[in-house]
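Notes to accompany the following structure.
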Amino acid sequence: MLRFLFFFFFLNISVFAQRGNLLVKNYKLPSVPQVTDIVQNSKGILYFAHSGGILSYDGFRWDDINLEVNAHSLAIDNKDIIYVGGKEFFGKIEPNQIGKLEYFNLSYEQKQIGDIIDIAVLESQVLFYSSKGVFSYANSQIKTLYKFQKEELAGWAVLKEDIFLNLPEKGFCKLSNGNVTSIRTDFVEKTILSFIPFDNQSILIATDDNTLWLCDGKNIYPFPTYATEYLQNHFLEKMTDLSPQEFVISTLAGGSIIVNKKDGSIRQIISYETGLADNEISAVLVDKQQGLWLCHTEGVSRVALNLPVYNYGHYPGIEGKPSTITKIKDLLYVGTNSGLFYLSYSNKDDVSGQVAAEKQRQLQQIAWQRAQNRKKTLLQKLNSLKKTEDKTPKVVTVVVESNVYNYNYSNYLLEKTPYNFRKISGVDGKCKQLIQFQEKVVALTNTGLYEVQFGIATQIFEDRNLLYAEVSKTNSNLLYVATEKGVIILQKTAIGWQSTPVADIQDTVFNLTQYENNLWVAGEGRIWKIKLNLQGFPEKTISYTLENKNLKTFVRVIEKEVLFFTNFGVLKQQWIVGDIFIPDVKLQHYNLKGSKFYTNQDAYIWATEGIEYKELSGKPVLSSQFLAIIPNIEDIYYDAQKNLWVVNSNGIYRIYPQENKSYAPDLFIKQVQSGNGVLQQLGKATIESNGSIQNFQIQIASPFFIAEENTQFQYYLKGLDDSDWSPWRSQALIEFPYLPSGEYVLKYRSKNALGELSPTQTFVFEIESPFWQTWWFYLMQIGVLFGLLLTAVIYNRKGAESRVASVITLVAIITVFELLFLLIEPLIDNFSGGVFVFKLVVNILLAVSLIPMEKKIQKYLQNSEYLDALAKKIGWRKRLKDIGEYLNVQQIKDITNRRPSD
């Protein structure tokens, strides 16, 4: 009895007050050393600094930018100029006209710069801070604002245009015109690690003793937070401004925490225990979509701060891979391949709380082992802080004592995350389906059916071949169960459960559903209709055999229609004298091969359509677009509070209801490359060519970092043909194997994983015609052609047997043919796709027709009465005679007609 009361106590607690953990996505960068800084430009492209150079990411491609510099620090201005610093150098990187990044060294005249640790972009100048001094870049000029010769500087801070330095001998000072004025002398024992804007009048400063300070330019005083103990145990590294209300603190051994500026409270812990790949944070950025990028030794991670999606999979107590989920009386049940669990409030004084704490400590032990493997790196960083000799051993002691580290953090996490999963006793197999039965849970597993009551599961039917179950809509005491050997009807009575098989069905049944007084049963190539009496028991069974006997079927009722989903489409039941099954036009694109269906919740049916999830019954569901960002979903449940609960093999997710928030992606052209490999300008591109372009490529980018692998692109090209938009595709490269000369207008757009479209963008480009296809060259050709024709006429009128006349006539014909061929060549290329054989055939036809055509034209020119009348009318007779005498045609005729014997 005490055990039952204990269960009811937890049942009445609102276990969903905890929002869950933020959604974390980890990126593995195997070929890149640890990232030391990160920035984002106005278009959304990310740039990561590392010892080998700079890495960029646009949501589709990771590109290594080889600048032959070892970048350590990055900053960016509003013109997308990237400022970079490293060992004994600093400079800037900016894109040229074709979008390619170029590096310019700004420090080539400077000596003994030191290592550039931080960069600040102000309105009037860019500041480079190193261990040796502070340098300014403004109006293309470099100035040394401060140079420290004795020891290394112990940190800096900037408030608006004012610069503050922490000097080993004077403490915290203000720098003005090369002179320093001390503000707080006890800072000589400290090193400033980081600073961020706190509000319009002050900045927040972090020091190496794991404390925070507020500075208004005149005074500096401590800023208390609830994170003091956490920072002392995990070593503060840097801070990042998140919003006017919150900021992020990153550590060397505990991930990052989000802290409230107003009261110093901790809103969220982001660590290895909540999904982060590593706890040692080296660089942080808040992107344009309110995503938090955390860089560490295992790569980089992105934390979604503005999504209504939270992960419960990292709560302690869960075992196995989640497969199904439901919620009854505000209690969340999760079925896995290792049993059945429910989420409950955790008390560290009870047994479950102790188990949860122990499992949490085991996770911490794993994390500690990872931290020990990086001990050298950690100690080097701590030693670089230049602590005094008497304090250094204390810091090292805290790091190396794993038991202190584990105990403190485990208790802290247990207090901040007072929820864990408890296992339902009696269920050890794989859960396939969770059914709500009389406000209880019935679990369908690979060993049978179990009824859960007071936290204990009792087996009500043993069978290893169960596939699906549904509660009767006629009799709430009945369960209809589909098995590999037919249909079983289970009835709950006062003395227990009774089972009755349906005698007429002994084949495999995939699922079943009740509609009105009929129970529809779906099998392989067969459908059964069981007529039910008023108590929900069978009266008559009718069997239907489909044409394809190997056709797998799955039945559901949607909008008062009985539908059977098959391998090749959807069949709809209709009554015309008898039952017939006809294709359903509206849902025909859904099938068991191309779509995955989720039907464990009787009131809803979900199906995949590409990367999207559709609720087919037509019921309104808030935030369903966020299902697309969760990979490989196993089950979906929609509760009365309009929350979506989702499980996959790696986690348990809650999607809160959210309306009317836009996540529209940006879109732009990143690079244009013509067929000869030359990069083109990103404005209106004019491309020189020999009349066409082979393999014309346009690389586009849509930096949207929420399930970006599901971002799709679409385009159409006006000027080539009148085709409509291309199919959606995931490739961010638009290629045209062949483009003839002309002007083109490219329309393109993107669609992110949430189904939102970007604004349609336009890119205008022109492929220039070669000089032999220009108007002036055509005009010159026409002039030459008329000259040849006139000469041919003259020679043919002067001498019918002249070989010169034949040659000139032939040349004129060839010229006309070549002109025509140049005009129709683009049409031939378009028709043939540039295949050489077609051009060869056309040339052969022209060559064969030359001689017969030359003879006919020459005969016409020699005997044309029309030409005689025309020449007489316009006075050409005399002109032709004069021209003939001038050319001495008769003499040429005599020479060409002279026989060898003469």
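Along the Cα→Cβ direction, 7 angstrom out, place labels at SER243 and ASP186. What is the inter-label distance in nm? Placing both labels 7 Å beyond Cα along the Cβ direction yields 3.5 nm. If R0 equals 56 Å, the separation of the Cβ atoms of GLN535 and GLU756 corresponds to a calculated FRET efficiency of about 0.65. How many angstrom lie between the Cα centre of the stretch 268-296 and the Cα centre of the stretch 104-170? So the separation of the two Cα centres works out to 28 Å. Rounded to 0.05, the FRET efficiency of the THR228 and LEU467 pair, given R0 = 56 Å and the Cβ-Cβ distance, is 0.50. Net length available on complete extension from LYS661 to GLN290 is 132.2 nm, with 0.36 nm assigned per residue and the Cα-Cα distance removed. log10 I(q)/I(0), Debye, Cα-only the stretch 608-674, no solvent, q = 0.15, 0.25 Å⁻¹? Each listed q corresponds, in turn, to -0.57, -1.24.
Annotation: per residue accessible area for the stretch 477-632 equals 48 Å², rounded to a whole number [probe 1.4 Å, protein chains only]. Take the Cα of GLU123, step 7 Å toward its Cβ, do the same at SER730, and the gap between the two points is 4.7 nm. Taking 7 Å steps out from each Cα toward its Cβ at LYS111 and LYS321 produces label points 6.5 nm apart. Note on the stretch 188-289: lysine pairs with Cα distance below 22 Å, sequence gap of 8 or more or different chains, count 8.
Run the accessible area of the stretch 63-153 with a 1.4 Å probe and give the carbon-and-sulfur part as a rounded percent. In the stretch 63-153, the share of accessible area belonging to carbon and sulfur is 41 percent.
From the cross-link list LYS529/LYS596; LYS43/LYS92; LYS87/LYS111; LYS87/LYS132; LYS529/LYS549, which pairs have alpha carbons spaced over 21 Å apart?
In this structure, LYS529/LYS596 exceed 21 Å between Cα atoms.
Based on protein heavy atoms only, the stretch 66-150 ends up with 54 Å² per residue of surface accessible to a 1.4 Å probe.
Residues of the stretch 539-566 with an amide N closer than 13 Å to a point placed 7 Å from the Cα of TRP575 along the Cα-to-Cβ direction: 561-562.
In this structure, the pairs whose alpha-carbon distance is over 19 Å, taken from LYS473/LYS531; LYS79/LYS751; LYS147/LYS174; LYS28/LYS751, are LYS79/LYS751; LYS28/LYS751. At full extension, LYS262 and LYS218 could sit 13.7 nm farther apart than now, given 0.36 nm per residue minus the alpha carbon distance. Hull volume per residue, based on the alpha-carbon atoms of the stretch 465-567 and their convex hull, is 93 Å³. Applying 1/(1 + (r/R0)^6) with R0 = 51 Å to the Cβ-Cβ distance of ASN66 and LEU790 gives a FRET efficiency near 0.20. Fully extending the segment from LEU840 to ASN179, taken as 0.36 nm per residue of separation minus the present Cα-Cα distance, adds 229.7 nm.
The values are calculated or read from the model by the stated rules, or taken from the named source; none is laboratory data. The structure presented is a predicted model; accordingly, all values stated were derived computationally and were not measured. All Cβ positions, glycine included, derive from the backbone under ideal geometry; neighbour counts span all protein chains shown. The accessibility values were calculated without ligands, DNA or RNA, using every heavy atom of the protein model including side chains. Shrake-Rupley method; radii C 1.70, N 1.55, O 1.52, S 1.80 Å.
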